[in-house]
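Written below as structure tokens is the structure these notes are about.
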Amino acid sequence: MRVILPDSSELELPDGASGLDAAAAIGPKLAREAVLVRVNGVVQDLRLPLEDGEPIQILTTRDRDDPDALAVLRHSTAHLLAEAVRRLYPGVKIAIGPPIANGFYYDFEFSEPIGEDALQRIEAEIGRELEEGRSWKREEVSGEAARERFEAEGEPYKVELVETAEGDISLYTQGEFTDLCRGPHLQDSGPIKAVKLTGLAGAYWRGDERNTQLTRIYGTAFYSEADLKEHLERLDEARRRDHRRLGPQLDLVHLSDHAPGMPFWHPKGMVIWNTLEDLRRSENAKRGYLEVKTPLLYDVQTWQTSGHWEKFRDDMFVVPYGEERALGLKPMNCPGHMLMFGSALRSYRDLPLRYAESSTLHRNERAGTLHGLLRVQHVTQDDAHIFCTREQIEEEIFGCLDFAKSVYDLFEMEARFELSTRPENKLGTDEEWDFTEEALKAALERRGVAYELNEGDGAFYGPKIDLHMNDVLGRSWQMGTIQLDAQMPARFGLSYMGADNEEHTPYVVHRALLGSLERFIGILIEHYACAFPLWLAPIQVRIVPVGEGHRKAAAAVAERLAAADIRVDLDERDETVGRKIRDAEVEKVPYVVVFGDRESEDSLSVRERGGAQSSPSLHEFLRELVAKV
């Protein structure tokens, strides 16, 4: 058999040869350093056989920044964690332990709760395992043999996983620990040079709050101590910027168990919210969008027509209405906009028709998935639906892509584009999906937008272009989305009269660019670490009178600024000037004006965030502020 190497050369191997055999055939050093093989772009354990004609790439310890190489290292370290926990806590029940972005976790059921202090002890035990050395052995057994094994070991979670698996089961053993696992894994523990357990959390088995709550231990691992040190420094920076800390600390927003996943926006937070809303409205108006408002509740029949009742029912809040009816709180705006379009006769001359709405949505998220502002149950989208003809689709998609770029450029933020194709639970025919998928793909390519393909992750009614951003920990979050829908307008019986005097069904582009305003503001808080640009800052200027005798003149300056729509406040507390300036720095106020004996409207003492100082006149300062805003 032959395999194809990354330089397009061919390597001849015996039939049934593995990735490790391929590495050894290239050279003994490569075989020693190999950690993983990528086959046809898909990762595979080194121990598994290769197929004739496959393109392969051997990943080694030198590929320490490759996500797949890091994932296999962390996956193997997760198994070391499970072995260490079993050694330290006999009788513990072991669940699952996958690699994740920036690390790994493993879920356990302990007989008694453990605290953060246990992490150091467990980490030391992993260190002993590494000193002893571990290698991984893979074997495949029948499902019955695997079930009997884990039943004998008293591992009910492994038994449940075996019972829901199909075909033979793969097991990996290192030291005293055998785990049910697909792999891949390292050859041995030699490449694991740095391990850190980072925290504990509760997690329900299989993410279902009706199941047992387990203890999740998080950790990370690297090919070098230097990489771990750099990662921990990033974590410190992430904690410093975490919106869940900064939001309440700077009096922007808080969350409460009284309303899980539903933020309480404070006055300063509402300034940011309303500034984004003003931006949304003005930019929509420039592009021909029409502002609308639709109800929050619809009867079940509406959700059945849209397809949400079948596909999205578990994520909806439903309330009784009378004795025999129920209403669903809307998780999205599209059915309301369909009903609005269908409320009148439409002509091709009316199209494209662009409805925009920033409305409250509710989504019944599982408790364990809620995450500050980034995953909430009370969602507000900068939503829009564009009703258009088949011929207008490309220009409308172009318009959405250009709109998205202009919005993200304003914040100096970069989004990654992802094209998601038909899911298994799709509505409509393959022919319809062929057209809508190709339309989105062509628009991206003709606009020169780089994108990743995400097979099978489209909405049930159409393919979509998702715009992703990372938070400070590097976790990816979907922000905006552009979706092309041929299903919902047909299900609602929508039509327009064409130039041929025949009725036609419109296409609908579903579009949100900021996405969830809650999530976008959470990302903004972390992006700027609350040092918002002047136009977005809740307080743009703070006036600090030096003494009681300066308050009247300082208030007059504040009034002049406020009259020019500058957001200004006056710090009249009985504190020292130094304390007031420090507080303004902590609150990230862009400008502080100190007003004392030497200050007047002809010469102000202005301190800019970051330390720069100047002495402009009030007129000059005001002109500068207005220009920047």
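The values are calculated or read from the model by the stated rules, or taken from the named source; none is laboratory data. If you're wondering where the values come from, they're calculated on a predicted model, not measured in any experiment. Every residue, glycine as well, gets a Cβ built from its backbone with ideal geometry; the counts of neighbours run over all protein chains shown.
Please determine, by comparing only the residues of the range 577-605 that are in a loop (DSSP other than H, G, I, E, B) and within 38 Å of the chain's Cα centre (by Cα), which one is farthest from LEU618 (Cα to Cα). Here the answer is GLU587. Checking the conditions here, which among PHE411, PHE387 is in the same structural domain as PHE264 (by TED's automatic domain parsing) and at pLDDT 90 or above? That would be PHE387, the only listed residue that is in the same structural domain as PHE264 (by TED's automatic domain parsing) and at pLDDT 90 or above. Just to be sure, is LEU419 crowded, with 20+ Cβ neighbours inside 10 Å and at pLDDT below 90? No: the conditions fail for LEU419. Looking at the range 53-65, which of its residues are closer than 13 Å to ALA34 by Cβ and of a type in the set (Asp, Glu)? Passing the criteria: only ASP63. For the range 103-134, a residue qualifies if it is basic (Lys, Arg) and either surrounded by fewer than 18 Cβ atoms within 10 Å (Cβ to Cβ) or in contact (Cβ under 8 Å) with a residue 60 or more places away in the chain (or both), and the qualifying residues are ARG121, ARG128.
Checked against (1) in a helix (DSSP H, G or I); (2) under 21 Å from the mean Cα position of the chain (by Cα), LEU373 passes all but condition (1).
Just one of the listed residues (GLU394, GLU414, GLU365) is of a type in the set (D, E, K, R), surrounded by fewer than 18 Cβ atoms within 10 Å (Cβ to Cβ) and within 19 Å of TYR507 (Cβ to Cβ), and it is GLU394.
Among the residues making up the range 556-576, those that are in a helix (DSSP H, G or I) and surrounded by 15 or more Cβ atoms within 10 Å (Cβ to Cβ) are VAL557, ALA558, ARG560, LEU561. Of note, VAL195 does not satisfy the criterion of being under 34 Å from the mean Cα position of the chain (by Cα) and farther than 30 Å from SER476 by Cα.
Checking each residue in the range 173-186 for being touching a helix residue (DSSP H, G or I) at 6+ places or on another chain (Cβ under 7 Å) and either within 22 Å of ASP65 (Cβ to Cβ) or of a type in the set (Asp, Glu) (or both) picks out GLU176, ASP179, PRO184, HIS185, LEU186. Residues that are part of a helix (DSSP H, G or I), crowded, with 16+ Cβ neighbours inside 10 Å and either under 25 Å from the mean Cα position of the chain (by Cα) or not assigned by TED's automatic domain parsing to the domain that holds GLU394 (or both) within the range 422-457 comprise GLU437, LEU440, LYS441, ALA443, LEU444, listed in sequence order. In the range 195-211, the residues that are over 26 Å from SER76 (Cβ atoms) reach residues that are surrounded by fewer than 17 Cβ atoms within 10 Å (Cβ to Cβ) and aliphatic (A, V, I, L, M) with C-beta atoms within less than 6 angstrom, at least six apart or across chains, in these pairs: GLU209/ALA367. For the range 362-383, the criterion of a residue being over 30 Å from LEU214 (Cα atoms), assigned by TED's automatic domain parsing to the domain that holds ASP466 and either aliphatic (A, V, I, L, M) or modelled with pLDDT under 90 (or both) is satisfied by no position. For first residues located in the range 166-181 and without any contact (Cβ under 8 Å) to a residue 40 or more places away in the chain and assigned by TED's automatic domain parsing to the domain that holds GLU83, partners that are surrounded by fewer than 17 Cβ atoms within 10 Å (Cβ to Cβ) and among the aliphatic types (A, V, I, L, M) and lie 6+ apart or on another chain with Cβ distances below 7 Å form the pairs ASP168/VAL141; ILE169/VAL141; LEU171/VAL141. Restricting ASP409, ASP402 to those that are outside any strand (DSSP E or B), out of contact with any strand residue (DSSP E or B) (no Cβ under 6 Å at 6 or more places or on another chain) and within 25 Å of LEU246 (Cα to Cα) reduces the list to ASP409. Residues that are closer than 22 Å to GLY480 by Cα, in the same structural domain as CYS388 (by TED's automatic domain parsing) and without any contact (Cβ under 8 Å) to a residue 60 or more places away in the chain number at least 3 in the following helices (runs of 4 or more DSSP H) confined to the range 238-316: 267-286. Applying a threshold of 8 Å to beta carbon distances and a minimum spacing of six or more residues, or different chains, the list of pairs starting in the range 26-49 at a residue that is more than 18 Å from ILE192 (Cα to Cα) and ending at one that is β-branched (Val, Ile, Thr) and part of a helix (DSSP H, G or I) reads VAL43/VAL72. Would a scan of the range 502-522 turn up a residue that is surrounded by 20 or more Cβ atoms within 10 Å (Cβ to Cβ), of a type in the set (A, V, I, L, M, F, W, C), assigned by TED's automatic domain parsing to the domain that holds ARG375 and within 18 Å of LEU250 (Cα to Cα)? Checked the range 502-522: at least one residue is surrounded by 20 or more Cβ atoms within 10 Å (Cβ to Cβ), of a type in the set (A, V, I, L, M, F, W, C), assigned by TED's automatic domain parsing to the domain that holds ARG375 and within 18 Å of LEU250 (Cα to Cα). In the set (1) farther than 30 Å from GLU109 by Cβ; (2) of a type in the set (Val, Ile, Thr); (3) surrounded by 13 or more Cβ atoms within 10 Å (Cβ to Cβ), VAL42 fails one condition alone, (3).
Would you please name the residue that is modelled with the lowest pLDDT, looking only at residues in the range 142-175 that are under 25 Å from VAL35 (Cβ atoms) and in contact with a strand residue (DSSP E or B) (Cβ under 6 Å, 6 or more places away or on another chain)? Of everything passing the filter in the range 142-175, ASP168 is modelled with the lowest pLDDT. Contact map, the range 135-163: first residue within 13 Å of THR178 (Cα to Cα), second residue in a helix (DSSP H, G or I) and small (Gly, Ala, Ser), Cβ cut-off under 7 Å, separation 6 or more or different chains; pairs are TRP136/SER76. Taking the range 116-170 and the helices (runs of 4 or more DSSP H) fully enclosed by it, the elements with 1 or more residues that are of a type in the set (Ser, Thr, Tyr) are at 156-163. Counting only residues that are over 19 Å from THR302 (Cα atoms), assigned to a loop (DSSP other than H, G, I, E, B) and in contact with a Lys or Arg (Cβ under 9 Å, 6 or more places away or on another chain), the range 482-505 holds 1 of them.
Taking the criterion of being buried (at least 20 other Cβ atoms within 10 Å of the Cβ), in contact (Cβ under 8 Å) with a residue 40 or more places away in the chain and not in a loop (DSSP other than H, G, I, E, B), the residues of the range 318-353 that qualify are CYS334, PRO335, GLY336, HIS337, MET338, PHE341.
Scanning the range 278-336 for residues that are touching a strand residue (DSSP E or B) at 6+ places or on another chain (Cβ under 6 Å) and of a type in the set (Gly, Ala, Ser) turns up GLY288, ALA326, GLY328.
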